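Below is one structure, written out as structure tokens; comments come after it.
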Amino acid sequence: MSHEPQPYCERAARLPGAVLWTRTADGGSYRILPDGCMDLLWIEGELVVAGPDTRAYVSSSEAGVRFAAIRFAPGTAAGFLGVPAQELLDQQVPLADLWSVGRSRRLADQVGKAAHPAPGLEEAAVALFDEPPDRLIGQVVRGIRRGVAIPALANSVGLSERQLHRRSLQAFGYGPKMLDRVLRMNRALTNARTGLPLASVAAHTGYADQAHLTREVKALTGLPPRDLLAT
């Protein structure tokens, strides 16, 4: 990897539904949006876990700091890490706080010795990800993305609403209603970035109207959609 500052880049990872991304900090601040996912980050030789977020936050790093990370598909990181997702809600913690210091250091060293940190991290994660994806959690994500109501979703996976909420806390860090809000907002922002008018975005993504979309985006990110898209 070049040591010159590079833009943010991402591609599909070899883990099911995951994304591999890289970035070199330019010294400026940037807003991290909730996306229903958890990330394992390599930051200049250290491994850090970014838990699920309920709200956006602004962060910054010194210019030149390199990041390589895997963004796990919603609901899959908890099984890889061996920690319920709700224990990491709105937090970033060193991997050594979740695993033994020796195990986390061996993984960091393995990534650091690779020709490039990003594929090195991917290779290490693939080798360690030895559990098949939880089919129930996959059904929950697909149902929420299709707009299935929570009672119907719980029934479709053979759980009560209370059981679905408990399983969702363990997998996603929050309940299905919050996950729906986060995933819908991200779908809306993706559509809005294509230039689609916000009223059309709201209609296409299941909001009552543009005002509803604006309230939800501001509640989750701190900015109304137009200001957020301009950053």
Qualifying residue in segment 5-13 (condition: modelled with pLDDT of 95 or more and in contact with an Asp or Glu (Cβ under 9 Å, 6 or more places away or on another chain)): yes
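For segment 29-45, which positions are over 14 Å from the mean Cα position of the chain (by Cα) and surrounded by 19 or more Cβ atoms within 10 Å (Cβ to Cβ)? Don't jump to the end; show me each part of the working.
The initial filter retains those residues of segment 29-45 that are over 14 Å from the mean Cα position of the chain (by Cα), namely 29-30, 42-45.
Of everything in segment 29-45, just one residue is over 14 Å from the mean Cα position of the chain (by Cα) and surrounded by 19 or more Cβ atoms within 10 Å (Cβ to Cβ), namely Trp42.
Looking at segment 22-38 only, could you name the residues that are touching a helix residue (DSSP H, G or I) at 6+ places or on another chain (Cβ under 8 Å) and not hydroxyl-bearing (Ser, Thr, Tyr)?
Arg31, Leu33, Pro34, Asp35, Gly36, Cys37, Met38
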Among the candidates Asp227, Asp130, residue that is among the acidic types (Asp, Glu) and over 30 Å from Val111 (Cα atoms): Asp227
All strands (runs of 3 or more DSSP E) inside segment 10-94 with 1 or more residues being aromatic (Phe, Trp, Tyr) and in the same structural domain as Arg142 (by TED's automatic domain parsing): none
Selection status of Asp35, at pLDDT 95 or above and in contact with a Phe, Trp or Tyr (Cβ under 9 Å, 6 or more places away or on another chain): no
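Residues are listed down the side, and each one gets a yes or a no for (1) surrounded by 15 or more Cβ atoms within 10 Å (Cβ to Cβ); (2) among the charged types (D, E, K, R):
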site	(1), (2)
Arg14	no, yes
Ala25	yes, no
Leu47	yes, no
Asp53	yes, yes
Ala78	yes, no
Lone unmet requirement of (1) under 18 Å from Leu15 (Cα atoms); (2) touching a helix residue (DSSP H, G or I) at 6+ places or on another chain (Cβ under 9 Å) for Ala108: (1)
Index of the failed condition, Gly79 passing every other in (1) closer than 28 Å to Ser168 by Cβ; (2) among the small types (Gly, Ala, Ser); (3) modelled with pLDDT of 95 or more: (3)
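The values are calculated or read from the model by the stated rules, or taken from the named source; none is laboratory data. Everything quoted here is computed from the prediction, not taken from an experiment. Glycine gets a Cβ as well: all are built from the backbone with ideal geometry, and neighbour counts include every protein chain shown.
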